[in-house]
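Asker: Handing you this structure, nothing more for now.
The values are calculated or read from the model by the stated rules, or taken from the named source; none is laboratory data. Quantities reported herein were computed from a predicted structural model and do not represent experimental measurements. In this analysis, Cβ positions are derived from the backbone assuming ideal geometry, glycine residues included, and neighbour counts consider all displayed protein chains.
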Amino acid sequence: MTRFISRIASLLTAGTLITALVSCGGGSGSDTATTTTAQRSGTVGILLTDKPADPSLFTSINASIARVELMGSENGDRVVLYSGEPKTVDLLRLRNEAIPFTFREGVPVGVYCKIRLTLNDLELVLTDDTPGDMTDNETYHPDLPGNGKLDLVTRDCFTVEAGKVVTLQLDLDAGSSIHVVGNNNGFNFRPVVFVDVLSQAFDSKLVRLVGEITEVDPDAETLLLCGAVPAHLSDGMRCVKIYLGDDAAFFDYLDYAGTPRPMDELLSDDKIGERATIVGWPRYWVQPHMDVEIPYGHYPPPGECRLWHLGLEAGQQPPPGDCETLKDRVSENIVLISHEGIVKDKHHPLMEVDALVVEVGEFLQVEGEVATDADPDGFSMAVTSSGPVIITDTLAVALQADYTNGSANPVNGTRIVSKSGEILDYTQVIQPRAVQVDGILDLTGTDALLKSALVIVDTGMLDNEQITGTVLSVDEGGFILSPGTEMVCGIATTQLAVILTEDAEFLTVIISAAGSEIIPGGVLEVGQSIGMNGTCEPEGYVTDNVVIMDDQRD
């Protein structure tokens, strides 16, 4: 086989999906020796987000995740995406955006239909009458069924292809999972988790990334953010390629006090090495790995690796050696190969993101509710969650204006968006909507002022109400529910008429002593325990989502 090494990027055209990565393998024998075919593999990433829980009940919901596995439909094999020291994530901080939890390279190609998520602990930090002091908050640790083992069935099976990245978003719906035991004497945990594969048909939440700017490309208006993605068993730099389009805004706290700046200042060499926070829209498709085809007999033996120089013939390549020693020598023109044919590309992105906001320097994140409707200059918010810097209950927020900078390319000011990333204007910032604000605190005036870079607005129904209960009867288009609480939609009732929208979705949660299985779909039956989010309308309670709880424990 003749030598063929080229970057897959040079072969891509719009809309083309090309299978990449090593397609043949072998040992360290001669070119004519019989060899084995290398296992082809891709990458799978996990993003975490959360549907909102009741902020009046909890200050934090800390989920400790010990293990994440893929479970295949073809041969029953499992692939560990994360294991080791449990990672603790405050789900309440994920109400407005997603974060990367883990990415795993070297996932065997194939079809997968289930994810196993193992929780080590769930800590509920209850609210109290001293919101500025977290030291005396009561905590509660509900029992985790099946030792915290959750089997999540995807809406549709997905395929891992050679050299490509599949990204999954896990929506841990804390609001539907945590149920108050009578008279607030405790809480039950009945896990509700939605799994979605990032695709052209699925709009994910905004994703937040923090890393180091490693490369800038002014011509392509892109940068490379490295160290931004946690990766399991990976030797790479864990980078994300960032695209800076017309909607992106850049804020600089290092040199310009957090004000909006022209994009060419970000795309300059002096920003290389700076830490940056980026909030944006994740792309469902990521450029595949380099397409590298190695001649038979030139793979390293098991347990060793080999540096492969893109400009050298096969016979001129250096000998195999220790993987840990060689991995630091990977560069733009040198890749690392193993016996299994996995290519290690130092700057290969695990994600690609269209930036909304780029923040250089340390910006605050403040959560709360709109206290006064916004005008073009700003608004005030009632602070519900922040770092120790915010000591006032109500905070003035400044909206930083766009400007032209004397050129045809405008400089974007404060970005205002919905939780799904839809760009809004100040007229959508109205009380009492929930907001999350990134900004810089200005203490030079009489009162504190938060100069905002990003405002995320919860534009959902203000009268949305979460309800649980037991199904009494089912008819076409809805059902009658016996609510689990005395007051529903502001009135006392023992029978609630529920109307299902045409696109209503169902999720079934089966809880047993061995664990929990969460399956898309389900059929309503009398006697079922269900939960849902919806709105109170004159004709009844209207919902587009129903979670069926099947608790089989004694």
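Asker: In the list V165, V229, V210, which residue meets the criterion of being within 30 Å of N409 (Cα to Cα), under 17 Å from the mean Cα position of the chain (by Cα) and in contact (Cβ under 8 Å) with a residue 24 or more places away in the chain?
Answerer: That would be V210, the only listed residue that is within 30 Å of N409 (Cα to Cα), under 17 Å from the mean Cα position of the chain (by Cα) and in contact (Cβ under 8 Å) with a residue 24 or more places away in the chain.
Asker: Checking R40 against (1) more than 30 Å from V357 (Cβ to Cβ); (2) buried (at least 18 other Cβ atoms within 10 Å of the Cβ); (3) of a type outside the set (A, V, I, L, M, F, W, C); (4) at pLDDT 80 or above, only one condition comes out false. Which one?
Answerer: All conditions pass for R40, except number (4).
Asker: Something else about it: Counting only residues that are among the basic types (K, R) and surrounded by 14 or more Cβ atoms within 10 Å (Cβ to Cβ), give me the strands (runs of 3 or more DSSP E) lying completely in segment 213-328 with at least 2 of them.
Answerer: Hits in segment 213-328: none.
Asker: So, one more: Examine segment 498-507 for a residue that is in a strand (DSSP E or B) and of a type in the set (S, T, Y), and state whether such a residue exists.
Answerer: Yes, there is a match, as at least one residue in segment 498-507 is in a strand (DSSP E or B) and of a type in the set (S, T, Y).
Asker: Then there's this: Residue pairs, Cβ under 8 Å, 6 or more apart or interchain, first in segment 530-554 and among the aromatic types (F, W, Y), second surrounded by fewer than 21 Cβ atoms within 10 Å (Cβ to Cβ). List them.
Answerer: Y541/E465; Y541/I467; Y541/V488; Y541/C489; Y541/L496; Y541/A497; Y541/I499; Y541/T535
Asker: Among residues belonging to segment 497-530 that are in contact with a Lys or Arg (Cβ under 8 Å, 6 or more places away or on another chain) and among the small types (G, A, S), point out the one that is surrounded by the fewest Cβ atoms within 10 Å (Cβ to Cβ).
Answerer: Taking the candidates together, the pick is A513.
Asker: Something else now. Tell me, yes or no, whether segment 488-495 has at least one residue that is small (G, A, S), within 21 Å of L144 (Cα to Cα) and not in a strand (DSSP E or B).
Answerer: No: segment 488-495 contains no residue that is small (G, A, S), within 21 Å of L144 (Cα to Cα) and not in a strand (DSSP E or B).
Asker: Please work out which residue is surrounded by the most Cβ atoms within 10 Å (Cβ to Cβ), limiting yourself to segment 531-543 and to residues that are modelled with pLDDT under 90 and more than 24 Å from D151 (Cβ to Cβ).
Answerer: G534
Asker: Can you name the condition, by its number, that G490 falls short on among (1) over 34 Å from the mean Cα position of the chain (by Cα); (2) over 30 Å from G368 (Cβ atoms); (3) without any contact (Cβ under 8 Å) to a residue 60 or more places away in the chain?
Answerer: The number of the failed condition is (2).
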